Amino acid sequence: MKELETALKNEQNSRRNFFKKVSLSGIAVLVASKFSFGGKSFLPEGTSWDKTFSKLDESKLTGQSKQSPLPYAYNALEPVVDAKTMEIHYSKHHAAYTKNLNDATTGPEYASKTLFQIFTEMEKYPVAVKNNGGGFYNHLLFWTLLSSGAGQEPQGDLLKAINESFGSVDKFKEGFGNAGKKQFGSGWAWLSVNEKGKLVVSSTANQENPLMSTTEVRGIPVLTLDIWEHAYYLQYQNRRAEYVDAFWKIVNWKEVSRRYNEAILALK
Ligand SMILES: [Fe+2]
């Protein structure tokens with residue numbers, strides 16, 4: 001256990017350094033994140049999402065959020081996702097959410113807020129902050145979960161947890177895939193760690209995510225899939241199911257594992 005914690009700390013440190021290097025400089029990212037949260041907890045009494053989030057929080061926002069550079073080239077995910085889609089998705093769609101979030105959070109009431117803090121009290125904020133805050137964060141997360149390295153599969157503690165929650169990796173993929181395929185309209189499919197430390201699958205509409213207090217199935221996201229048409233329409237047109245099935249070829253399972261281990265530690 002001690003070895004695991006040490007390994008995770010090392011990994012977290014390397015990630016902190018990575019994010020520092022790749023910019024987000026205006027966001028005071030990942031620097032010994034001990035933020036005070038005034039938001040109400042949505043965990044059962046005796047536990048605290050606020051405390052949990054304070055261990056995870058990556059962004060002290062407000063008016064100066066920046067996209068981190070893509071960790072791969074636009075064409076790196078071909079043939080699953082074509083280069084043009086990646087370019088438009090990142091440089092237009094994600095860029096627009098980022099700009100619109102900054103425009104919506106310039107007021108003094110946001111000066112000391114983090115994005116996760118806002119998510120914890122989402123119902124208190126304007127819809128523009130919800131839509132663009134979700135759009136900014138969801139894409140930031142999504143890019144890290146994709147990889148050109150095909151052929152990976154879940155391993156270790158993550159594999160064990162998937163088997164415990166869903167019976168098998170195939171059953172998990174079927175459930176997650178169906179969440180994406182059946183979501184009406186635009187949205188996201190999610191694999192999250194819930195307040196009991198169990199993996200759960202869900203989907204959300206628009207730019208909502210499981211961190212938000214307005215979302216039915218809440219938890220710490222460890223894997224997500226963008227099922228807005230802008231994510232696949234150039235290549236797949238109306239064939240969303242084909243896009244969802246192809247997604248498994250580009251999942252960065254190492255990052256999913258890292259996020260799973262981080263979430264479990266944060267809940268303790
Ligand atoms: Fe998107």
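The values are calculated or read from the model by the stated rules, or taken from the named source; none is laboratory data. Quantities reported herein were computed from a predicted structural model and do not represent experimental measurements. Please note: Cβ atoms are built from the backbone with ideal geometry, for glycine as well, and neighbour counts cover all protein chains shown.
List of remarks:
- Members of segment 218-245 found to be small (G, A, S) and within 16 Å of the ligand (Cβ to nearest atom), listed by number: A231
- Failed item, numbered, when F116 is tested on (1) surrounded by 17 or more Cβ atoms within 10 Å (Cβ to Cβ); (2) more than 23 Å from K196 (Cβ to Cβ): (2)
- Criterion: modelled with pLDDT of 95 or more and crowded, with 20+ Cβ neighbours inside 10 Å - qualifying residue of D170, D226, D157: D226
- Checked against (1) more than 16 Å from the ligand (Cβ to nearest atom); (2) surrounded by fewer than 20 Cβ atoms within 10 Å (Cβ to Cβ); (3) farther than 22 Å from N252 by Cβ; (4) under 20 Å from the mean Cα position of the chain (by Cα), S147 passes all but a single condition, namely (3).
- Counted as qualifying within segment 102-185 are the helices (runs of 4 or more DSSP H) with 3 or more residues that are free of Cβ contacts under 8 Å to residues at least 24 places away in the same chain, namely 156-166, 169-182.
- Pairs linking a residue in segment 188-203 that is under 21 Å from E229 (Cα atoms) to a residue that is part of a loop (DSSP other than H, G, I, E, B) and acidic (D, E), with Cβ atoms under 8 Å and 6 or more positions apart or on different chains, are W188/E208; S202/E216.
- In segment 71-94 there is at least one residue matching the filter, namely being modelled with pLDDT under 90, assigned to a loop (DSSP other than H, G, I, E, B) and within 20 Å of the chain's Cα centre (by Cα).
- Residues of segment 227-251 that turn out to be touching a strand residue (DSSP E or B) at 6+ places or on another chain (Cβ under 6 Å) and under 28 Å from Q117 (Cα atoms), as a count: 1
- Per the conditions (1) within 12 Å of the ligand (Cβ to nearest atom); (2) loosely packed, with under 14 Cβ neighbours inside 10 Å; (3) not small (G, A, S), the sole criterion not satisfied by H139 is (2).
- Residue ranges of helices (runs of 4 or more DSSP H) in segment 205-268 with at least 2 members in contact with a Lys or Arg (Cβ under 9 Å, 6 or more places away or on another chain) and hydrophobic (A, V, I, L, M, F, W, C): 240-247, 253-267
- Options L158, L199, L115, L191: the member that is over 22 Å from Q67 (Cα atoms), more than 16 Å from the ligand (Cβ to nearest atom) and within 14 Å of the chain's Cα centre (by Cα): L191
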